[in-house]
1. Quick check, is A50 under 14 Å from the mean Cα position of the chain (by Cα) and outside any helix (DSSP H, G or I)?
2. Being outside any loop (DSSP other than H, G, I, E, B) and among the basic types (K, R): is that true of R30 here?
3. Scanning for something among the hydrophobic types (A, V, I, L, M, F, W, C), modelled with pLDDT of 95 or more and under 14 Å from C15 (Cβ atoms), does region 64-72 turn up at least one residue?
4. Test R88 against the criterion of being open to solvent by 90 Å² or more (accessible area, probe 1.4 Å), more than 15 Å from the ligand (Cβ to nearest atom), charged (D, E, K, R) and not in a strand (DSSP E or B), and give yes or no.
5. Could you say whether any residue in region 19-29 is basic (K, R) and near the ligand (Cβ under 8 Å from one of its atoms)?
6. Quick check on my filter: what residues within region 52-76 are more than 11 Å from the ligand (Cβ to nearest atom), free of Cβ contacts under 8 Å to residues at least 60 places away in the same chain and farther than 20 Å from C40 by Cβ?
7. Taking interchain pairs and intrachain pairs at least six residues apart, which have beta carbon atoms under 6 angstrom, with the first residue in region 21-45 and over 23 Å from G93 (Cα atoms) and the second in a helix (DSSP H, G or I) and within 6 Å of the ligand (Cβ to nearest atom)?
8. L22 versus (1) crowded, with 18+ Cβ neighbours inside 10 Å; (2) more than 11 Å from the chain's Cα centre (by Cα): which is the lone unmet condition?
Amino acid sequence: MAGYIAGHRTRRFGCDGELQYLYVVPSRRRSGIASALLRCLAEWFVTEGARRICVDVDADSHAAGLFYAKHGAELVRPHWMEWQDIGRLLPGGRRL
Ligand SMILES: CC(C)(COP(=O)(O)OP(=O)(O)OC[C@H]1O[C@@H](n2cnc3c(N)ncnc32)[C@H](O)[C@@H]1OP(=O)(O)O)[C@@H](O)C(=O)NCCC(=O)NCCS
């Protein structure tokens, strides 16, 4: 296994969902695995009608904040970032 991702529905901070876990083994980083996993989870969120998604950014991970920012998340409070519409990560910014 090279990595994993998990998310769930929540009303935390008025969001529709939360990205809970994301991890890629060190030897496979910077090869697009987390980006692919994030698109898979985004697809699931959109299927669920969940667009506004929060994530608690690991303060010890320099890469995490840069990764989420690269994918359009914004810092909204200390160590919390959000996507206003995670559907924008999907081809054509998918609308259901
Ligand atoms: C954060 C993490 C999931 C990224 O996984 P990854 O598979 O390496 O990410 P990707 O290859 O899809 O990276 C996509 C982009 O994110 C950014 N990025 C990712 N890691 C980065 C790093 N170490 N430094 C700077 N930018 C980084 C880059 O813009 C990168 O694009 P590029 O490689 O073309 O420059 C991985 O480093 C990890 O598992 N870290 C430890 C656990 C962790 O912090 N999880 C998040 C908890 S909130």
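The values are calculated or read from the model by the stated rules, or taken from the named source; none is laboratory data. Please read these numbers as outputs of a predicted model, since none were measured by experiment. Note that we place each Cβ from the backbone using ideal geometry, even for glycine, and neighbour counts take in every protein chain shown. Ligands, DNA and RNA are excluded from the accessible area calculation, which covers all protein heavy atoms including side chains. Shrake-Rupley method; radii C 1.70, N 1.55, O 1.52, S 1.80 Å.
1. yes
2. no
3. No, region 64-72 contains no residue that is among the hydrophobic types (A, V, I, L, M, F, W, C), modelled with pLDDT of 95 or more and under 14 Å from C15 (Cβ atoms).
4. Criteria met by R88.
5. Scanning region 19-29, I find at least one residue that is basic (K, R) and near the ligand (Cβ under 8 Å from one of its atoms), so the answer is yes.
6. Answer for region 52-76, where residues must be more than 11 Å from the ligand (Cβ to nearest atom), free of Cβ contacts under 8 Å to residues at least 60 places away in the same chain and farther than 20 Å from C40 by Cβ: E74, L75.
7. V24/I33; V24/A34
8. (2)
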